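Worksheet: the structure to be examined is printed underneath.
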Amino acid sequence: MSEVTITLPDGSSRSVPAGTTVADLATSISPGLAKAALAGKVDNRLVDLSYPLNADASVQIITSKNATDALPLYRHSTAHLLAAAVTNMFPGVQCGIGPPTDEGFFYDFVVPRPFVPEDLEAIEQRMREMADQDLIFERQMWDRDEAKRFFGARGEPLKVQLIDEKTEGQTHVSCYTIKDKETFVDFCVGPHVPSTGKLKAFKLLSTSNAYWKGDARNQPMQRVYGTAFLSEKELQDHLRRLEEAKKRDHRKIGRDQRLFMFHGWAPGATFWLPKGTVLYNTLANYMRSVILPAGYEEVKAPIVFNKGLWETSGHWDHYRQNMFLVESADGEQMGLKAMNCPGHMLIFGSEVRSYKDLPIRYHEQTPLHRNEASGVLSGLTRVRQFSQDDGHCFVMESQIGSEVELALRLVQRVYSDFGMKPELKLSTRPAEYLGTIEQWNHAESELKKALDAVGEPYTINEGDGAFYGPKIDFDVTDAIGRKWQCATIQLDYQIPERFDLKYIGADNAEHRPVVIHRAIFGSFERFIALLIEHFAGAWPLWLAPVQAVVMPISDRHRDYAAGVRDRLAAAGLRVELDDRQEKIGYKIREAQLQKIPYMLVTGDREAAEGAVSVRSRSAGDMGSRALDAFISDALEEIRRKDQSGPAPVAEQKPA
Ligand SMILES: [Zn+2]
Ligand SMILES: [Zn+2]
């Protein structure tokens, strides 16, 4: 019998008889490894443990320690287990596809009626029974025509369609059974874990409506979502995070705190309610307070432009389907702006510019519109109308480094004011790019120098830059570990060409400026969603739409309480008076639910002493304070932009 040479990850090699399976190889290395093995990686390709080694190869045995490979394999195998349970419980069901996702897996089915929550419990129970039986995942190569006949006869035309599309020209197709083809069989290239007994840490989560291939014109289906992890602990951690995320969902908190609403007659466009508008304006003014002193000038360009502008910018050819198009009274084709850059190019180009004027920095917060399909809209994170804190800096080549450094320092400053630490990614020259290689090398080295100068660690995404220039992106991780992409700094050599922008250099000749697009929040809508979920609606004092509520104990304290409210308002604090005829405990509970930072109770003693009895959302009862002292402390807390308010008061020890 012929031998093949297998090279292992540690560099050692061994000879085994040709046809030895990956599982046999694992056994020959150690019984422990054989037990832990989930799959193999042969010449960098993931395969089943039953894969026969017929040629020399490098082989790695994949266990739960190799999460990058093992996790998708594990999740995809669990999706098959789900499909097996469903087909056994619901005769006549049709299976679609069941891929792994970043967070778990799903499987789509055609079923006579939508699944209900009790179905999910029963399906998960059946999955556990099938896992306990440790049924074998077996790969079988079926004759292609026979496979099509088999699935056709079983009433699974979708599988027949998949085989037609995915295996054209093949004589045989790969199918997997669980136990046997009566129990479950699916057309799939694999690989999978060797048997269902490996699948333990999984959970079904929800169902939703879906369509075959995600297209609403196709067959309606029911999608079952689940998640799976390589250990029970990771699964439980994930489920806890999901619970926490549900509580923090910005759509829910936005409703509870009456910040914003949506209406079916303006899909994806936010109605900012009074409290949400306070929040929005607080952020808008904060952003102005940061960037205007840094040399930016605020502008307001039009919202509707003639299509000529979009042709010049290139959006007409590449982006038109994402724009709202309208017609003017004169029959001119117009488009609502989806980004601010072209407008700013026109402003720059409207005057003769000298090198002495540069850098020129424009900032704009007017609304943008993008024509997204209504099906993908969701809360504040996928919208049709939004505003960015959008800046464009016009610089000379020699100013790229210092300008990017300034932008980086602004991003640093802003995120530290929100108690967040972004992760930076530098994306470099892609395979297809515009401009010269010298320009790119210069720009990339300037970006690196700027990053080093501000002392931020960063990772490099090689080849991930835009075709018009390199960029730096910022990911923010929120309080429960989810990543959000927010700020961005992008160099652009292309747009100044398109708009034929120039400045007069020191040599009296015309030169092209470089444009830097940059946003710090990103979009206000998305950033507010992030803030709501990050703080779980418990706003730091400086952001809270209502900073304090004054509560008279009874009717006869109403006048004093109203006076307190007026004093706070005059000091610039956002304050409400709760003078309803309700018990004080009830008012406090309600304010606590609304997560109002300070509750100020006023009764006889407070009125007599010119004081307020202070209760803080975070620290509880803080006792009686002179009104002036409370006001100056609150103003100081706002000035410092404290994240969490006062620390909880230490337990008083009895004397
Ligand atoms: Zn599969
Ligand atoms: Zn731009």
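Bear in mind these aren't lab numbers, they're just calculated from the coordinates by the rules spelled out. All figures in this text were calculated on a predicted structure; none of them were measured in a lab. Using ideal geometry, Cβ is built from the backbone for each residue, glycine included, and neighbour counts are taken over all protein chains shown.
Ignoring lysines fewer than eight residues from Lys198 along the same chain, the ones with Cα atoms less than 27 angstrom from its Cα are Lys35, Lys41, Lys65, Lys159, Lys179, Lys181, Lys233. Each of Thr436, Thr277 was scored by other Cβ atoms within 10 Å of its Cβ. Listed from fewest to most, they are Thr436, Thr277.
Bridges between two residues of the chain, per DSSP, are antiparallel at a rate of about 85%. Classify region 111-264: rounded, prolate or oblate, from the alpha-carbon gyration tensor (a ≥ b ≥ c, eigenvalue square roots; a/c under 1.5 rounded; otherwise prolate if a/b is larger than b/c)? In terms of gyration-tensor shape, oblate. Given R₀ = 60 Å, what would the calculated FRET efficiency be for Arg512 paired with Ala629, taking r from the Cβ atoms and rounding to 0.05? E between Arg512 and Ala629, to the nearest 0.05, is 0.50.
Over all projection directions, the Cα-based convex hull of region 477-540 averages an area of 6.7 nm².
Projecting the Cα atoms of Trp310, Pro220, Gln412 onto the charge dipole of the chain (Cβ charges, centred on the Cα centre) puts Pro220 farthest toward the positive pole.
Past the 36 angstrom mark, what percentage of all C-alpha to C-alpha distances in the chain do you count? Beyond 36 Å sits 58 percent of the P(r) for the chain.
Inter-part distance, region 324-390 to region 413-474, computed on C-alpha centroids, equals 24 Å. Dividing the C-alpha radius of gyration of region 502-641 by 2.2 N^0.38 Å, with N its residue count, gives 1.56. Placing a pseudo-label 7 Å from each Cα along the Cα-to-Cβ vector at His442 and Thr366 gives an inter-label distance of 3.3 nm. Packing order of peptides 535-543, 520-528, highest average first: 520-528, 535-543 (average count of other Cβ atoms within 10 Å over each peptide's residues). Summarising the label geometry, the points placed 7 Å from Cα in the beta-carbon direction at Glu234 and Asp56 lie 3.5 nm from one another. Once the chain from Arg255 to Glu146 is taken as fully extended at 0.36 nm per residue, the excess over their C-alpha distance is 33.7 nm.
Take the Cα gyration tensor of region 349-418, multiply each eigenvalue by 5, square-root it, and list the three semi-axes largest first, rounded to whole angstrom.
In descending order, the three semi-axes are 31, 19, 9 Å.
Per-residue Cβ neighbour counts within 10 Å put Asp215, Asp417 in the sequence Asp215, Asp417, beginning with the fewest. Each of Val304 and Ala216 was given a label point 7 Å from its Cα along the Cα-to-Cβ line. The distance between the two points is 2.6 nm.
Candidates Gln581, Leu204, Ile97 compared by Cα position along the dipole of the chain: farthest toward the positive end lies Gln581, with charges placed on Cβ. The residues Phe271, Phe115, when put in order of fewest to most other Cβ atoms within 10 Å, stand as Phe271, Phe115. The length gained by stretching the chain between Thr183 and Arg558 to full extension, at 0.36 nm per residue less their Cα-Cα distance, is 127.6 nm.
In plain terms, the C-alpha convex hull of region 177-265 casts an average shadow of 9.6 nm² when viewed from every direction. Candidate cross-link partners of Lys307 among the lysines, defined by an alpha-carbon separation under 18 Å and a same-chain spacing of 8 or more, comprise Lys337. Computed from point charges on the beta carbon alone (+1 for Lys and Arg, -1 for Asp and Glu), the dipole magnitude for the chain about its Cα centre is near 1540 Debye.
If R₀ is 30 angstrom, what is the calculated FRET efficiency for the pair Gln485 and Lys246, using the beta carbon separation as r and rounding to 0.05?
With a Förster radius of 30 Å, E is 0.85.
Counting only aspartates and glutamates at least 8 places from Lys247 when in the same chain, those with an alpha carbon closer than 15 Å to its own are Asp256, Asp478, Glu533. Would you work out which of Ala629, Pro430, Gln388 lies farthest towards the positive end of the dipole of the chain, given +1 charges on the beta-carbon of Lys and Arg and -1 on that of Asp and Glu, about the Cα centre? Among Ala629, Pro430, Gln388, the one farthest towards the positive end of the dipole of the chain is Ala629.
The calculated FRET efficiency for the pair Gln333 and Lys449, based on their C-beta separation and a Förster distance of 41 Å, comes to about 0.35. Rounded if a/c is under 1.5, else prolate if a/b beats b/c, else oblate: with a ≥ b ≥ c from the C-alpha gyration tensor eigenvalues square-rooted, which is region 417-504? In terms of gyration-tensor shape, prolate.
If you sort the three axes of the alpha carbon gyration tensor as a ≥ b ≥ c, you get a/c of 1.5 or more for region 252-356 and a/b no higher than b/c, which makes it oblate.
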